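Notes to accompany the following structure.
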């Protein structure tokens, strides 16, 4: 026997020819199965099955007909939907020998923690909560300024301006004259008058010790920070209560972060943020979210978060650009590869592998994506297999064949039915924690370690049976709770306030 060796190009040409022959044969077979000519040029579909459930047009699979005939939508015959086999396991069937040739791969839905970390941009900004307004308590004249300009950084106690207040001089001389008489009542009244004129207690004491009036006062910076407004010049006159300067604190300093609107549900006040700046490569700055601003940016569809970062050496300056990492709360969920998800625009699907070459579309509700994994909030149970390669081909075939999509509630009922029989057999766990968030179907708890499950201390969501379980509870309550590890996730069995 002679062994023939083909070149790479020859093998490619042979493969293309084989595919063409298969297509011709399939077309001939489909035309033969599709119907037989009745002599008048009309084809009647032949059902190669014992019982026909209904007839349908593959191009409009949602419309069903009670008897065969010509489709009212297309110039073609209706196709029968056979009973038996597919009734127990609806879906698309493929010869198992062809599954590998079609490149169909599957993955198992598993329960786990989604390691999410979002990187967004931020900007260092002034801390408006630490702003101080400098005002004189009496009218006077500016004798001296100390060479300051807007945006200068000053320390607390640094001199800002010397003011000459003529009114203080006459009142101080009267006070000294009354004090010389030794009348304590009159001296106390004169001293009170100086206080009402806005004179600080330290200056009154200095005048009493020295016996000389002092009508010039040096106003100093009440806090450390940057001079964000300066409205004083030598020789100008100032009035009582006039703003001379504004000083905004730089420690702690603000970090304003733009977060996409789609991730708004993953952030909360008190959450830790980590920032890196190009000015200090290799150095990490950490802080906590102190505010989530109430309005979104209409042009960029982002929310602004405000975090406070310690800045003891005042190295961080407003306007600096930062790359910010956000780590949302970890929560346990059913995870599948992100490539298995089919987004149709109206709903989200996956193709389930049912064994023996069977596949069926199923509707799911998804959560977050990270590291190539997607959270499945409803519609799948752990252990089910989903198609991660070739699913679009299968979905198209299911649509043409009129295959029903498994609804979300069907998967939930199957999971609940399984749990109902084993509910009492599931191990129960106890822990202490603090309530962070309450919704209609879950409670988010910041709890301590659970040694029986090898869980460290963390913040995560627990499902509840009904909202009445959390009646009387609020955010911040310290609680003791018991829960089970059901297929749908950790579920609260009982919860009470600590100490009760």
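Identify all residues within the stretch 446-476 that are in contact (Cβ under 8 Å) with a residue 40 or more places away in the chain and surrounded by fewer than 16 Cβ atoms within 10 Å (Cβ to Cβ); write none if there are none.
Our first condition is that a residue be in contact (Cβ under 8 Å) with a residue 40 or more places away in the chain; within the stretch 446-476, this holds for 458-461, 475-476.
Across the stretch 446-476, the qualifying residues are 475, 476.
So which residues in the stretch 335-368 are surrounded by fewer than 18 Cβ atoms within 10 Å (Cβ to Cβ) and assigned to a helix (DSSP H, G or I), if there are any at all?
Hits for the stretch 335-368 are 338, 339.
Given the criteria modelled with pLDDT of 85 or more and either on the phi > 0 side of the Ramachandran plot or buried (at least 16 other Cβ atoms within 10 Å of the Cβ) (or both), does residue 255 qualify? Spell out how you get there, then give the answer.
Working: modelled with pLDDT of 85 or more: yes; either on the phi > 0 side of the Ramachandran plot or buried (at least 16 other Cβ atoms within 10 Å of the Cβ) (or both): yes.
Spelling it out, residue 255 is indeed modelled with pLDDT of 85 or more and either on the phi > 0 side of the Ramachandran plot or buried (at least 16 other Cβ atoms within 10 Å of the Cβ) (or both).
Scan the stretch 118-133 for residues that are surrounded by 15 or more Cβ atoms within 10 Å (Cβ to Cβ) and part of a strand (DSSP E or B) and jot them down. Explain how you work it out, then say what you get.
So the first thing to find is which residues in the stretch 118-133 are surrounded by 15 or more Cβ atoms within 10 Å (Cβ to Cβ), and the list is 118, 120, 122-127, 130-132.
118, 120, 122, 123, 124, 125, 131, 132 - these are the residues of the stretch 118-133 that are surrounded by 15 or more Cβ atoms within 10 Å (Cβ to Cβ) and part of a strand (DSSP E or B).
So residue 261 passes all but one of these: (1) touching a strand residue (DSSP E or B) at 6+ places or on another chain (Cβ under 9 Å); (2) surrounded by 15 or more Cβ atoms within 10 Å (Cβ to Cβ); (3) modelled with pLDDT under 85. Which condition number does it fail?
Only one criterion in (1) touching a strand residue (DSSP E or B) at 6+ places or on another chain (Cβ under 9 Å); (2) surrounded by 15 or more Cβ atoms within 10 Å (Cβ to Cβ); (3) modelled with pLDDT under 85 is unmet by residue 261, namely (2).
I'd like to check something: does the stretch 409-425 contain any residue that is modelled with pLDDT under 80 and assigned to a loop (DSSP other than H, G, I, E, B)? Before you say what the answer is, go through the steps one by one.
Looking only at the stretch 409-425, we keep the residues that are modelled with pLDDT under 80, and these are 409-425.
Remaining after also requiring assigned to a loop (DSSP other than H, G, I, E, B): none.
No - not one qualifying residue is present in the stretch 409-425.
Hey, does the stretch 227-235 have a residue that's in contact (Cβ under 8 Å) with a residue 40 or more places away in the chain, assigned by TED's automatic domain parsing to the domain that holds residue 142 and on the phi > 0 side of the Ramachandran plot?
Taking the stretch 227-235 and keeping what is in contact (Cβ under 8 Å) with a residue 40 or more places away in the chain, we get 227-230, 232-235.
From the residues that got through so far, the ones that are assigned by TED's automatic domain parsing to the domain that holds residue 142 too are 227-230, 232-235.
Next, only the ones that are on the phi > 0 side of the Ramachandran plot stay: 235.
Taking every residue of the stretch 227-235 in turn, at least one turns out to be in contact (Cβ under 8 Å) with a residue 40 or more places away in the chain, assigned by TED's automatic domain parsing to the domain that holds residue 142 and on the phi > 0 side of the Ramachandran plot.
Just the residues that are assigned to a strand (DSSP E or B) and under 19 Å from residue 104 (Cβ atoms), please, taken from the stretch 375-388. Working first, answer last.
Here is the first cut: in the stretch 375-388, the residues assigned to a strand (DSSP E or B) are 375-378, 385-388.
Result: 385, 386, 387, 388.
In the stretch 251-295, what residues are within 14 Å of residue 310 (Cα to Cα) and part of a loop (DSSP other than H, G, I, E, B)?
Those that are within 14 Å of residue 310 (Cα to Cα) and part of a loop (DSSP other than H, G, I, E, B): 251, 252, 283, 284.
The values are calculated or read from the model by the stated rules, or taken from the named source; none is laboratory data. Small disclaimer: the values here were computed from a predicted structure and weren't measured. Note that each Cβ is placed from the backbone with ideal geometry, even for glycine, and that neighbours are counted across all protein chains shown.
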